[in-house]
Structures are given as C-alpha cells and as structure tokens.
Amino acid sequence: MDLKQSEDSEARFAAYVKGLAGVIGHADRTGPLRDYCTGLMLPGERKSVEPMAARTAPARTAAQHQSLLHFVGVATWSDEKVLAKVREMVLPAIEKDGPIEAWIIDDTSFPKQGKHSVGVHHQYCGQLGKQANCQVTVSLSIANHTASLPVAYRLYLPEDWTKDRARRKQAGVPSEIKFKTKPEIALDQIRWACEAGLPRGVGLMDAAYGNDSRLRAGMTALGVLYVAGILPNTLMWRSGTGPRRKGKPMNNTGRRDEPDLISAKEVALGLPKRAWRTVTWREGSAGELSSRFARVGHNKLIPEKLSPEWLLIEWPEGEKEPTKYWLSTLPATVSFQRLVDFAKLRWRIERDYQELKQEVGLGHYEGRGWRGFHHHATLCIAAYGFLIAERATIPPSGPHSATPFQAPRLPDDYRPRGSALAA
C-alpha cells in the first residue's frame, strides 16, 4: 500500500469510526472506540486489552489499559446498535459483487483453562474437535460468494450456568437470559433477521443445527428457505410413501415409529447408479472443486408441518459410503448445480471465522463478564467489517490485506503479562 492509499484508508477509517460513534452514546467513548478497533487491526499475536493498550498508546500504556478495559467491560453501549451500524456501512461493499445469497447459522468455540469466564463449560469444542472446557457462541451471518458478515452473535449459556445465581451475578448475566439450546438461539436470530428486514438469503447450517426438525419447521413458518446438513441416521419416508400415524405425538427426534421410515443413509445406498452425477461448485486454490452427488425427489419428509424437502447426498469417488447429507426446501425448479452450490457455500463462514479469530482476535478477550465478552465480539466484527469494506477498494492484483495501520514501536521496558521476560 503506497502513501496515498494509506492516507485514503485512514480517512475512510476515521469516517467509519465516526459512524459507529453516532450510536455508541457518550462522546468520550469515541477515543476508546477508535483505539480498540485500531488495536484489533494492528499486527500482533495477542489482541487482548493489555497488549492493545501498549500498541495504541506506548507512551501511556497504564492509562490506556484502564480506558480500554472500562470501555469494553463496563460501559453500557448497545451491541445491537453497533452491529446494525456496521451492517449499514459494510453491506454496500459486500453487495458490490452481488446480492446477499445466504443466511449462515453457525457456532464457534473458545477453549478456556478456568471455570469462571461466563458460559465456560465442559462441552463439545469445535476448535479442538472434542469435549473440552470452552465457551460457545451462536451466530447468524449474511453472505454471498465474496464475503460474510456476522449480524447476530450470542453466547450459549449452559443450563448449569442459568441455574447458578452466584455465577450469573458475578459474570453480570442479564436476568432475562434463560436457558435455550443452540438451535433455539439460532431460530431467535433468524426470527429477528426477518423482523429487521435484512436482505433475504437461503438459510445454511451444518448437521448440528439442520438435524433439529423444530428449527427447520420454524424457518419454514418464517418463510426462510434452507439447505440444512443432517446426519445419515435421520429418518424419512421412502419415496412415494407418507405418514400413517398422524395422530400420534412425535418425540424430540420427530419419530412416531412409522413402519415405512428409513434412514437417509439407507435411501442413499438404495439409489441406482444413474442417480449420481459429478457436480463442480467453485474454483478452489488448487483448481475446480467437484464431487459426486445425488438428489432425491422433492417430497415432504419428517415432520408433516415442514415444507417439501430435497434430500441431497454427497458420495465422493473412492469413498466406501456417502459422506454428507442435506435437506433443502429450495423449489422443485432449482438446478442440480445450484442446489450443490448452496450446500457448499457454508465454507464461507469457516474461512471468515478463521480470519476473525486469527486477524482481529475474536477469541482473545480475557475478561470474565457477559458484557465484556459481547462488547469485544462486537468490536471485532466492527473491525472485520471495515477490512471487508477496504478489500472492496483494492484492485484484483492488489494485496489481500487492507490493514491501514502500522504498529508503533513499543517502549524498551514494556513486558506483557505472562512473558518470560516479565517473570
């Protein structure tokens, strides 16, 4: 980035901060807002408050540390208003390459050592791929093939936490926060997005959410189409059959012990060879990405209150059995290639969350409270949103990074907590 580009970028950042400052409350929060977002975008391995204070105000690190700590952990500005302003300012840059195509439901996890950070619990940690002590958040992102932006973000509070008054009080968990499963949180976010009038997209989710028939039914009731990952043991009717025992209540899996129910895997293994075809969905870093897929009918599956659903199955060449399954309420007229393209568009969120964690320190917050946890995430999304907008100003041949700042030189005697030199 040359000097002129750097000056232009800094001017755009100043305008961006001014826009956010308009919804953040007191004027004296503008400085900490600017410095916090700057710290998140500066180079550095750690984006917690102390090292960001040292990078953004090396001559007065202690005072800056207290200022940023108060701003993120104590100040009562609204996460919802800031995220709405980010969306307003960043959406035009995302839509330069095409309209919003998807609403992506996802969760992300943050491993933790102790037990006092809000929401921390021994549970499945996607980052580690196993059960571990961690925090988990549920988010909704709007996306097209170019970018995605989180528009709703909430910590999942395990049931043990919701019942522990002492821990709730210590962490500042609002009294209105009750226990909800992750799919229930996701449906709340979808409902909010509909009420807020966000540009409509097809709901995309992995099997952790897609296997929840109540979430899928709720999305259908809201008029939101979806392509939802499911597990191979998900039950459905054989083609041409339907429910016989409609009067019998379903359990949580949607099952009534119907005689004709079989698993998605049984459906896949029973398909004739002619049902499978190779489909290419996008260009990857090493060439075109393609695999072998089959889709089954547009039949009403389980439970009856859902819309008719496609069953999409992926069975790559060389694999012993199918590897992925989806249910979709896209219309019967959707092309095979378009159906696969939507199923695979969820990769967008995985890449962008990797950048949110690695580039702007989404998982680096060290405070323990509810407010600080969500404030830090909101500011990370704000910083990331600015970087998305900046990338839209860079020509295709330009550098991928759009960070307009250079890290200042730290004082010679600065020692971050936990470093060997500070011991």
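The values are calculated or read from the model by the stated rules, or taken from the named source; none is laboratory data. Owing to the predicted nature of the structure, the values given are computational and were not obtained by experimental measurement. Reconstructed Cβ throughout: ideal geometry from the backbone, glycine too, with neighbour counts over all protein chains shown. For accessibility, only protein heavy atoms count, side chains too; no ligands or nucleic acids. Shrake-Rupley method; radii C 1.70, N 1.55, O 1.52, S 1.80 Å.
For Ala392, no residue has an amide H sitting under 5 Å from its own, ignoring neighbours fewer than 5 places away on the same chain, with H placed 1.01 Å from N.
The string of couplings for the stretch 193-207 from the Karplus curve (6.51, -1.76, 1.60, θ = phi - 60°) is 4, 5, 5, 7, x, 5, x, 5, x, 6, x, 10, 7, 7, 5 Hz, one whole number per residue in order, with x for Gly and Pro. Largest first, the residues Arg338, Arg168 sort by 1.4 Å accessible area into Arg338, Arg168.
Whole number in Å², please: accessible area per residue of the stretch 77-204, 1.4 Å probe, ligands, DNA and RNA not counted. Dividing the accessible area of the stretch 77-204 by its residue count gives 45 Å².
On a C-alpha basis, how far is the centre of the stretch 204-231 from the centre of the stretch 140-198 in Å? Whole number, if you could? That distance is 17 Å.
Holding the Cα-Cα limit at 26 Å, pick out from Lys96/Lys344; Lys81/Lys324; Lys163/Lys324; Lys115/Lys182; Lys47/Lys112; Lys18/Lys180 the pairs that are longer than that. Don't jump to the answer; show the numbers that get you there.
Working: Lys96/Lys344 22 Å; Lys81/Lys324 38 Å; Lys163/Lys324 37 Å; Lys115/Lys182 20 Å; Lys47/Lys112 16 Å; Lys18/Lys180 36 Å.
The pairs that break the limit, which is 26 Å between Cα atoms, are Lys81/Lys324; Lys163/Lys324; Lys18/Lys180.
Taking amide hydrogens as placed 1.01 Å from N in the peptide plane, the amide H of Gln127 sits under 5 Å from those of Ser109, each at least 5 positions away in sequence or on another chain. List the residues, sorted by chain then number, that are 5 or more residues from Arg282 or on another chain and whose placed amide H is less than 5 Å from its amide H. Distant-sequence amide H within range of Arg282: Leu289.
In loop segments of the stretch 39-111 as defined by DSSP, the GluC sites (Glu not before Pro) with at most 13 further C-beta atoms inside 10 Å of their C-beta are Glu45. The string of couplings for the stretch 115-130 from the Karplus curve (6.51, -1.76, 1.60, θ = phi - 60°) is 10, 9, 4, 4, x, 5, 6, 7, 7, 5, 10, x, 5, 9, x, 6 Hz, one whole number per residue in order, with x for Gly and Pro.
In the stretch 133-154, which residues have a backbone nitrogen under 20 Å from the label point lying 7 Å from Asp160's Cα in the Cα-to-Cβ direction? Only 133-138 fall inside the zone, counting backbone N under 20 Å. Across the protein chains, with a 1.4 Å probe defining accessible surface, the residues Phe110, Phe179 rank Phe179, Phe110 from largest area downward.
Distance between the C-alpha centres of the stretch 16-47 and the stretch 325-398: 20 Å, rounded to the whole angstrom.
Leaving ligands and nucleic acids out of the surface, order Lys320, Lys357, Lys163 by accessible area at 1.4 Å, largest first. Write down the numbers at each step before the final one.
Values: Lys320 195, Lys357 45, Lys163 150 Å².
Listed by decreasing accessible area, they come as Lys320, Lys163, Lys357.
Paramagnetic label reach from Ala132 (point 7 Å along Cα→Cβ; backbone nitrogen cut-off under 11 Å): within the stretch 146-189, no residues. Taking θ as phi - 60° and the Karplus parameters 6.51, -1.76 and 1.60, the scalar couplings of the stretch 11-25 work out to 5, 5, 5, 4, 5, 5, 4, 4, x, 5, 4, x, 10, 9, x Hz in sequence order, x denoting glycine and proline.
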